[in-house]
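The values are calculated or read from the model by the stated rules, or taken from the named source; none is laboratory data. Small disclaimer: the values here were computed from a predicted structure and weren't measured. Cβ placement follows ideal geometry from the backbone for every residue including glycine, while neighbour counts extend to all protein chains displayed. Side chains are part of the model used for accessible areas, which takes the heavy atoms of the whole protein and leaves out ligands, DNA and RNA. Shrake-Rupley method; radii C 1.70, N 1.55, O 1.52, S 1.80 Å.
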Amino acid sequence: MGLNLLTDCHVATMRARPDDPLGLIEQAAVVWDDESGQLLWVGPVAELPAPWRRVPLQHQGRGGWVTPGLIDCHTHLVYGGQRSQEFRQRLHGASYEEIARAGGGIVSTVRATRQASADDLLVQALARVDQLRAEGVTTIEIKSGYGLQLEHERKCLSVARRLAQLRPIQVCTTFLGAHALPPERVGQADGYIDDVLAMLVSLHEEGLVDAVDVFCERIGFSLAQTQRVFEAAVACGLPVKLHAEQLSDMGGAALAARYRALSCDHLEWLSPEGARAMAQAGTVAVLLPGAFYFLRETRVPPIALLREMGVPIALATDSNPGSSPCTSLLLMLSMACTLFQLTPEEALLGVTHHAATALGLTDRGALASGLRADLALWQITHPVDLCYSFGQRPPVQVLQAGRWAATANGGPP
Ligand code: DI6
Ligand code: FE
């Protein structure tokens, strides 16, 4: 226990320098304190101050690359059941919206999630979390939204909190009560928003909520309903996020920006006004190539517009049973480059620095002294390799809050 030194490695700090968006350091050294869980020094090994050279715990990186621990900033990974039959229906021509309107879609997962016990949900969610951890993920966001009643939303958010007790991973919870209309409230969307506001107050008092999200969409909730939820979040002192402009341009991004949203997510139909508002508010664009791929969408998010306006771009799995049954953040790096034409550097910043911002976290997502000692040590030749190969999992060793964490893909070095 105490001070640790990692050498024989290269580092992608994710602190941009001119002509070097990833802040690369070759032949680097990293020093951290495993009690405070903080980084103490990151830089070229040749510049390592003498006192740090003799710290008691020394680790060899075997020439690998160190990145910040990856951050999956948008998941719905606590749920019951699965929806492969719907996938089949869609391949026979039914659309995601048609299935949702016919009582399938999110609502079918709501049924399965309500039936499942907390322990069942926990076991299933642990398997998903372990897959993400085996890819160097140290922080995840988990949304509720498959319970849609107080006891079931509480059950899901409590499972999300328990995951962080059972595994070396940090979990940020997001209350997404306004995800879909539950079967018992069909035709009463405004009445259901009353329920959402009441649930929010209770769940927030129980310490289960870190942020609030809404599915603002033709098949979800209107702008006015979204605004009511945002007002309630503000009253609780909670930050907001929004599922915005995924299937249509509802103007959700501009509304979210007025509430200083941490992020707007999906954004295939984002307008220039929406992008401008996000840029001014510092709202992160979270792109979800897994959902784009799985729903066989054709309209790509307006990447050029996001770049031009200077909106930070993050990437996430959207892990959920209906539109992205996926637990690979590395696959999202590949898809973001091939499907959305992000540069590898943008993609890598999207699962580190900008993903942290999308969760309102300033203590991670980059490697520098004073930040959390969450890192991944990859046996690769260059960070771009993480975007280049797909369906593969390079060997990785994970440090979470200064402690080596065993994963299905590697133990301590
Ligand atoms: N957008 C999504 O991509 C997921 N939820 C949402 O609001 C899909 C959820 C599902 O189909 O179960
Ligand atoms: Fe989502």
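Below are the figures for this structure:
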{"quantity": "Probe 1.4 Å - accessible area at Leu223, Å² to nearest ten", "calculated": "70 Å²"}
{"quantity": "Helix axis angle, 272-281 relative to the chain longest principal axis, alpha carbon, degrees", "calculated": "50 degrees"}
{"quantity": "Heavy atoms of Met250 accessible to a 1.4 Å probe, total area in Å² rounded to 10", "calculated": "50 Å²"}
{"quantity": "Label-zone membership for region 24-47, site Thr7, 7 angstrom Cα→C-beta point, backbone N under 13 Å", "calculated": "27-31, 44-47"}
{"quantity": "Rg over Rh [alpha-carbon atoms, Kirkwood Rh] for region 275-413", "calculated": "0.97"}
{"quantity": "Local electrostatic count at Leu238 - Lys and Arg +1, Asp and Glu -1, tallied over other residues with Cβ under 15 Å", "calculated": "-3"}
{"quantity": "Principal-axis tilt of helix 189-205 within the chain, Cα atoms, nearest 10 degrees", "calculated": "40 degrees"}
{"quantity": "Share antiparallel - DSSP beta bridges, the chain, percent rounded to 5", "calculated": "45 percent"}
{"quantity": "Where the Cα pairs of region 1-123 fall when distances are cut into 10 Å bins, in %", "calculated": "11, 26, 16, 12, 22, 12, 2"}
{"quantity": "Nearest 10 degrees, 0 to 90: helix 329-340 Cα axis against the chain principal axis", "calculated": "70 degrees"}
{"quantity": "Computed magnitude of the charge dipole of the chain (debye, nearest 20; Cβ of K, R +1, Cβ of D, E -1)", "calculated": "480 debye"}
{"quantity": "Rounded to 5, percent antiparallel among DSSP beta bridges of region 241-374", "calculated": "10 percent"}
{"quantity": "Viscosity 0.692 mPa s, temperature 37 °C, Stokes-Einstein D of the chain from Kirkwood C-alpha radius, µm²/s", "calculated": "153 µm²/s"}
